[in-house]
Amino acid sequence: MIRNSIIFSFLLFGLGFSLSAQQAWSLEDCIQYAMENNIQIKQSVLNTEYNENLLKQSKLGQIPNLSGSANYTYSWGRALDQTTYQYTDNQQISSVGMGLSSYTNLFNGLQVRNTIQQNRLNLLASYEDVQKVRNDISLNIAAAYLTIMFNKELLAVTRSQLEITGQQVERTKKMVDAGKLARGNFLELQAQFASEELNIVNAENQLAISLLNLQQTLDLPIDTAFDVVIPELADPDEDPLVVNALDVYRTAEQEMPEIKSAMLGLESAEKGLAIAKGRRSPQLYLSANINTGYSDIREQVVNVSDPVQIPIGVTAGGETVFTTNPQGIPEYGAYPFFEQLRDNTSTGIGMGLSIPIFNGWQVNTSIANARIMHKNAELDLQSRKLTLYASIQQAYADALAALKKFNATQQALTSMEESFKYTEKKFEVGLVNTVDYNMSKNQLISTQSDLLQAKYDFIFRTKILNFYQGEPLTL
């Protein structure tokens, strides 16, 4: 125990936890810092950005797509000329093809529309999830903060009791030296003084641990000078709880982000079921394309000769019969690249209908799974409501119990203080031995500790109840 105390004392010194050098943080400062720097919150925000991208993409999915293509082919032997669709023998061909195509969905069972709505619901749910993380972090910070306040007050009480014991040690030593008391009384008080010194070290260690815990909750470096502001908190009234658990729950059910998120998740599951059912619907689509190509063996007419006489037969007298070809004989030459692309252009537009008939039962399986997801979302909403109500009931019951404990302990402390004063006076005149004196003093310290514990437990539980009703966490 003493070794651990020395280690903690060294840790406090090494990390710079000197009260005179620390920067004091209020509860509001701690919460604000966590909202801006906590890693869990940042991760939740990133998840909302991911869902924003999904929603944006589902909206852009309504726009017709456009894709381009280009290819180069080199062939030899018996090959097909892609521009003329004629086969050639023992000839090398270099050809180029290019095209644009577009496709758009006209109707597919409202899957696109339901997907957009589902992604929008998922995005809204992710916003609520971020708020849920913020709430959890805020409550954790408040609990850690109040623990520090409790440990500080407990340390102050322990030091005050040590001071009283120290005065008794000095007084007893004088009486022993004067021969009015036995030396055993002085030794027993010295032992009590040493025990209370150890209590102070333990209280300091608990305070140091609670400070470190709050720093870790805030994701602060542990070598940062750190302390908290200690506000004045009034003692609990006799009956300050003016609402009951059911009233708090009715408000929290409308305000708490975990409930809103679950409700949005249920709506999202309904859209998921609609999407799955939409896969049974025929799909109507519209397509368009434009294509062109080039072949290095293709030629074009570059010239036509004058009309010529072409023999077509022989008469009975042996004379040759001619006819005139008015078009002349065509002469072929190179067909430039861009001219081929222009002349080979073809366009088309089409509309199609795809009717699902059988696809390995995939659609029915998807619908069945979507129904399961919808049922699970219903159960999740019900579970979150029950958890919230249980948390509120527990906080309310704990607040009432803490209040009762505080009132009872306060009365007991009043009596204990009077009893200790009486015992102290009797001890000073030798009517009470050291054992009885120390027992009375230890009971007083224990009662003071119980009173502080009840006070801060009540404050924390009432803060939770107020938080569930939409009030910010403040002290």
Open item on the list: Show the residue pairs meeting these rules: Cβ distance below 9 Å; 6+ apart or different chains; first residue within the stretch 404-427 and closer than 12 Å to residue 448 by Cα; second residue outside any helix (DSSP H, G or I).
Closed with: 406/235; 406/236; 410/235
- [ ] Consider residue 170 carefully, then state whether it is of a type in the set (Asp, Glu), part of a helix (DSSP H, G or I) and farther than 30 Å from residue 41 by Cβ.
- [x] yes
Task: Close pairs from the stretch 193-218: first within 19 Å of residue 26 (Cβ to Cβ), partner buried (at least 17 other Cβ atoms within 10 Å of the Cβ) and of a type in the set (Ser, Thr, Tyr), Cβ under 6 Å, at least 6 apart - done: 210/147
Task: Selection within the stretch 454-471 - surrounded by fewer than 17 Cβ atoms within 10 Å (Cβ to Cβ) and in a helix (DSSP H, G or I) - done: 466
Task: Looking only at the stretch 97-156, and only at residues there that are among the basic types (Lys, Arg) and touching a helix residue (DSSP H, G or I) at 6+ places or on another chain (Cβ under 7 Å), the one that is farthest from residue 298 (Cα to Cα) - done: 152
Open item on the list: Show the residue pairs meeting these rules: Cβ distance below 8 Å; 6+ apart or different chains; first residue within the stretch 92-111 and closer than 23 Å to residue 338 by Cα; second residue surrounded by 15 or more Cβ atoms within 10 Å (Cβ to Cβ) and aromatic (Phe, Trp, Tyr).
Closed with: 95/294; 96/294; 97/294
- [ ] Pull up the stretch 91-115, narrow it to residues that are crowded, with 18+ Cβ neighbours inside 10 Å and aliphatic (A, V, I, L, M), then point me to the one that is modelled with the highest pLDDT.
- [x] 96
Open item on the list: Out of everything in the stretch 31-75 that is touching a strand residue (DSSP E or B) at 6+ places or on another chain (Cβ under 9 Å) and surrounded by fewer than 11 Cβ atoms within 10 Å (Cβ to Cβ), what residue ends up being farthest from residue 134 (Cα to Cα)?
Closed with: 74
Task: Failed item in (1) surrounded by fewer than 20 Cβ atoms within 10 Å (Cβ to Cβ); (2) farther than 30 Å from residue 369 by Cα, with residue 252 passing the rest - done: (1)
Open item on the list: I'm trying to understand the selection: among the residues of the stretch 427-438, which are exposed (fewer than 15 other Cβ atoms within 10 Å of the Cβ), hydrophobic (A, V, I, L, M, F, W, C) and in contact with a helix residue (DSSP H, G or I) (Cβ under 9 Å, 6 or more places away or on another chain)?
Closed with: 431, 435
Task: Scan of the stretch 153-169 for residues that are over 20 Å from residue 435 (Cβ atoms) and without any contact (Cβ under 8 Å) to a residue 12 or more places away in the chain, ordered by number - done: 156, 160, 163
Open item on the list: out of contact with any strand residue (DSSP E or B) (no Cβ under 6 Å at 6 or more places or on another chain), at pLDDT below 95, within 30 Å of residue 278 (Cβ to Cβ) and in a helix (DSSP H, G or I): is that true of residue 365 in this structure?
Closed with: yes
TODO: Considering only the stretch 37-153, give the strands (runs of 3 or more DSSP E) lying wholly within it that have at least 2 residues that are hydrophobic (A, V, I, L, M, F, W, C).
DONE: 65-75, 79-81, 93-107
- [ ] Give the residue that is surrounded by the most Cβ atoms within 10 Å (Cβ to Cβ), with candidates limited to residues of the stretch 185-239 that are small (Gly, Ala, Ser) and within 30 Å of residue 428 (Cα to Cα).
- [x] 203
- [ ] Being within 47 Å of the chain's Cα centre (by Cα), surrounded by 15 or more Cβ atoms within 10 Å (Cβ to Cβ) and small (Gly, Ala, Ser) narrows it down to one of 408, 402, 390, so name that one.
- [x] 402
TODO: Go through the stretch 63-90 and count every residue that is modelled with pLDDT under 90 and farther than 17 Å from residue 338 by Cα.
DONE: 15
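The values are calculated or read from the model by the stated rules, or taken from the named source; none is laboratory data. What you see is a predicted model, and the numbers here were worked out from it, not measured in a lab. Cβ sites come from the backbone with ideal geometry, for glycine too, and all protein chains shown count toward neighbours.
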